[in-house]
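> Take this structure first; my questions come after.
The values are calculated or read from the model by the stated rules, or taken from the named source; none is laboratory data. Model, not experiment: these values are computed from the prediction. Because the Cβ atoms are built from the backbone with ideal geometry, glycine has one as well, and the counts that use them run over all protein chains shown. Remember, those area values only see protein heavy atoms, side chains included, never the ligands or the DNA or RNA. Shrake-Rupley method; radii C 1.70, N 1.55, O 1.52, S 1.80 Å.
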Amino acid sequence: MITRRITRRIISTRLAAGVCGVLAAMAVSLAPTPAAAGEPPAHPTPKVELTLDVSGSMRARDIDGQSRMAAAKQAFNEVLDAVPKDVQLGIRTLGATYPGNDRQVGCTDTKLLYPVGPLDRTEAKTAVATLAPTGWTPIGPALQAAAKDLKGGDGQRRIVLITDGEDTCQPLDPCQVARDIAAQGIHLTVDTLGLLPDAKTRSQLSCIAEATGGTYTSVQHTDQLRKRVHQLVDRTARPVATPVAVAGTAACAGAPELKPGLYSDREKFAEHRWYRVDVKPGQELRASVSVAADRAVDNDYGVLLRASTLSGREIVRGAEAGDGRTDVISTGLRYAKSDTGASGAAADAPETVCLQVSNSFSAAPSVKTEPGLPVELAVDVVDGPHDASDVASFGLGRGWWLLAALALTGLLGGLVWGWISRWRVTVWRTN
């Protein structure tokens, strides 16, 4: 008996050790291996530049009992402590060095306080501590310089502009500068924060943000400023799908061929632009387009996404119209190419579908038409339904049977539950 117990314990111990060894091996094999020295990172390096207004108006003491400049410094110091390791950060100022009245000099007063790169928190905080409210508010020149600071690389790029007033260096329009930056196709977002802003400042900062797909925030308190800046810096670290810049043509012939993906372009008012997508038999084309109104436009507008053959015959279209101020208007379409049952090379021969993107935006003569309106086009080609005329044409795809099964199950379940309830009531009355 004793021998049998010892033998069982030995077997149990060895079995447990073996199981632990297998689990350990699985954990090692599933664990992500660190990148070898010299290998590129998994995601492109994100970059963000904090652009701070240091003009004379930042002396005002109306944010939580302290000056606007002190509130900005406090928020910056706390944000710098929490910057993600993989984010390259820089700091630029506007109006920080020239206290005089020479407009020409004051409107060039923008300085790179801390260069964009890996963050040294001590150096960055020391640089911020030296700032004192001084001069003008050259927002346009500061945005131009910040865009140059962030050039290079494929990662997400973001400018966080913090100011308490509108630009004082017209006629260089900051909104137009933001549109020009967006038109460069470098996928740079400008987020704006207004410190106790008036109506004109709110309007200008909103325009700058909308032109680049950014956000505008009105700030009243130090804690609100800190949280919003930290949120924007943290958002820059998250990988996002970056649209590929593409230039549509005036006709389908010679138009760029698009693969499944996300694309960006620019389109003038009331313009037509063409693209091409190859769709094989048995596949379904799904496309959508969004056109952004990044400037003041007239009421009554629309966007059209049209699919046609090379000969010009329309296959399907999607359209959307609007009336009033809307930042973005979108529409989409689906085209399922049926499998004809042909064999050989003809069975796999793709059909070239021409995609036409049109808009009916218009604006007052004073509104600049260059650069064109931002266009974002999403294209996907997936396995389609067995026949273009089946239920998938109504948007259910091949999941219609699941919907029918759920409906039938619900009906039967209701009948059974009703029968059981009636039986229980009958028994209760009888007893």
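> So, of the residues in the range 108-137 that are of a type outside the set (A, V, I, L, M), closer than 21 Å to Arg68 by Cβ and assigned to a loop (DSSP other than H, G, I, E, B), which turns out to be nearest to the chain's Cα centre (by Cα)?
Out of the qualifying residues, it is Thr137.
> Still on this model: Which one of Gly140, Gly194, Gly153 is part of a loop (DSSP other than H, G, I, E, B) and not basic (Lys, Arg)?
Working: Gly140 fails: part of a loop (DSSP other than H, G, I, E, B); Gly194 fails: part of a loop (DSSP other than H, G, I, E, B).
Being part of a loop (DSSP other than H, G, I, E, B) and not basic (Lys, Arg) holds for just one of Gly140, Gly194, Gly153, which is Gly153.
> Out of (1) modelled with pLDDT of 95 or more; (2) within 24 Å of Ala183 (Cα to Cα); (3) open to solvent by less than 20 Å² (accessible area, probe 1.4 Å), the odd one out for Ser308 is which?
(2)
> When residues of the range 275-305 are filtered for being assigned to a strand (DSSP E or B), over 30 Å from Ser206 (Cα atoms) and open to solvent by less than 40 Å² (accessible area, probe 1.4 Å), how many remain?
Matching residues across the range 275-305 total 5.
> Right, something else. Of everything in the range 217-260, what is among the β-branched types (Val, Ile, Thr) and either buried (at least 17 other Cβ atoms within 10 Å of the Cβ) or touching a residue at least 40 places away in the same chain (Cβ under 8 Å) (or both)? Give them in sequence order.
Thr217, Val219, Thr222, Val229, Val233, Thr236, Val240, Thr242, Val246 - these are the residues of the range 217-260 that are among the β-branched types (Val, Ile, Thr) and either buried (at least 17 other Cβ atoms within 10 Å of the Cβ) or touching a residue at least 40 places away in the same chain (Cβ under 8 Å) (or both).
> Also, I was wondering about something else. May I ask you to verify whether Leu161 is at pLDDT 90 or above and out of contact with any Lys or Arg (no Cβ under 6 Å at 6 or more places or on another chain)?
Yes.
> For the range 167-190, name all the residues that are within 24 Å of Val233 (Cβ to Cβ) and surrounded by fewer than 18 Cβ atoms within 10 Å (Cβ to Cβ).
Gln184, Gly185, Ile186
Conditions (1) of a type in the set (Asp, Glu); (2) modelled with pLDDT of 95 or more; (3) open to solvent by 70 Å² or more (accessible area, probe 1.4 Å), marked per residue:
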| position | (1), (2), (3) |
| --- | --- |
| Pro40 | no, no, yes |
| His43 | no, no, yes |
| Val54 | no, yes, no |
| Met58 | no, yes, no |
| Gly65 | no, no, no |
| Ala71 | no, yes, no |
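> Hey, another quick one. Out of Lys125, Lys85, I need the residue that is of a type in the set (D, E, K, R) and open to solvent by 80 Å² or more (accessible area, probe 1.4 Å). Which one?
Lys85
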